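Chemist: Here it is: the structure, laid out below.
The values are calculated or read from the model by the stated rules, or taken from the named source; none is laboratory data. The structure displayed is predicted, hence computed values, not measured ones. Note that we place each Cβ from the backbone using ideal geometry, even for glycine, and neighbour counts take in every protein chain shown. Ligands, DNA and RNA are stripped out before the accessible areas are found, and what is left, the full protein with its side chains, is counted by its heavy atoms. Shrake-Rupley method; radii C 1.70, N 1.55, O 1.52, S 1.80 Å.
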Amino acid sequence: MTRPPLPVPGSSNVPAPSASRPQWQQAAIAISAFVVGLYVLEFVDMILGNRLDGGGVEPRTLDGLWGVAFAPVLHYGWGHLVANTIPLLVLGFFVMLSGIGRGLAATGIIWLVGGLGVWLTGGSGTLHLGASVLIFGWLTYLITRGLFTRHFGQLALGVVVLFLYGGMLWGVLPSQPGVSWEGHLFGAVGGVVAAWVLASDVRAARAAKPVTQ
């Protein structure tokens with residue numbers, strides 16, 4: 001029979017806090033909370049008679065510039081939101097899986113580049129909204145990230161994502177009326193920019209390695 005260790009003077013006897021959640025759980029919670037928030041917002045929009053839909057990006061207008069901030073969380077009705085839900089959950093989960101902070105940074109870059117690109121190039125008198133800008137940005141971010149970091153796991157994931165969702169990239173071209181191909185295009189551009197910017201630490205570490213003869 002062994003006795004429990006005696007308390008050490010000057011130390012706290014409070015049990016150590018339990019470890020944080022695994023990264024995959026954090027990623028799942030983060031993206032699920034975001035999507036649930038989109039549904040809550042769409043419900044509020046329905047109650048208000050779709051008045052929130054006017055908060056999208058209206059190209060080259062001062063008021064429409066506010067849409068850069070709000071457009072990705074607004075949708076033209078339930079059908080629009082439902083169509084975006086699965087890609088948001090899948091791609092968003094993989095983006096957040098590498099770390100919530102890094103995932104949010106990538107999302108912020110995509111959000112800004114996508115919104116400003118639409119505001120600068122979209123057709124006059126049009127209104128652009130929807131989370132597709134994030135979907136296309138997350139897609140290209142995941143596909144290209146491994147090319148900049150030269151990380152095998154990220155390269156492998158990029159190949160899988162390209163296989164599953166690569167066909168969506170045709171959406172960056174003008175297609176059916178009423179679909180914001182500009183949002184798709186500049187969201188995708190934002191994803192590549194985010195992948196390049198967030199790999200800067202890896203590139204710097206690689207450049208700092210001494211060259212051996």
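Chemist: Right, LEU104: in a helix (DSSP H, G or I), of a type outside the set (S, T, N, Q), open to solvent by 10 Å² or more (accessible area, probe 1.4 Å) and over 21 Å from SER180 (Cβ atoms) or not?
Modeler: yes
Chemist: Exactly one condition in (1) open to solvent by less than 50 Å² (accessible area, probe 1.4 Å); (2) over 17 Å from the mean Cα position of the chain (by Cα); (3) modelled with pLDDT under 95 is false for VAL57; which is it?
Modeler: (3)
Chemist: Sort out which residues of the stretch 78-101 are open to solvent by less than 60 Å² (accessible area, probe 1.4 Å), modelled with pLDDT of 95 or more and among the small types (Gly, Ala, Ser), and write them in order of number.
Modeler: Residues satisfying the conditions are GLY79, GLY92, GLY101.
Chemist: OK, next. Please find, among GLY171, GLY146, GLY137, GLY178, the residue that is out of contact with any Ser or Thr (no Cβ under 6 Å at 6 or more places or on another chain) and farther than 28 Å from ALA69 by Cα.
Modeler: Testing whether each residue is out of contact with any Ser or Thr (no Cβ under 6 Å at 6 or more places or on another chain) and farther than 28 Å from ALA69 by Cα leaves just GLY146.
Chemist: Something else: Restricting attention to the stretch 117-127, does a residue exist that is closer than 30 Å to LEU52 by Cβ and within 18 Å of the chain's Cα centre (by Cα)?
Modeler: Checking the stretch 117-127: at least one residue is closer than 30 Å to LEU52 by Cβ and within 18 Å of the chain's Cα centre (by Cα).
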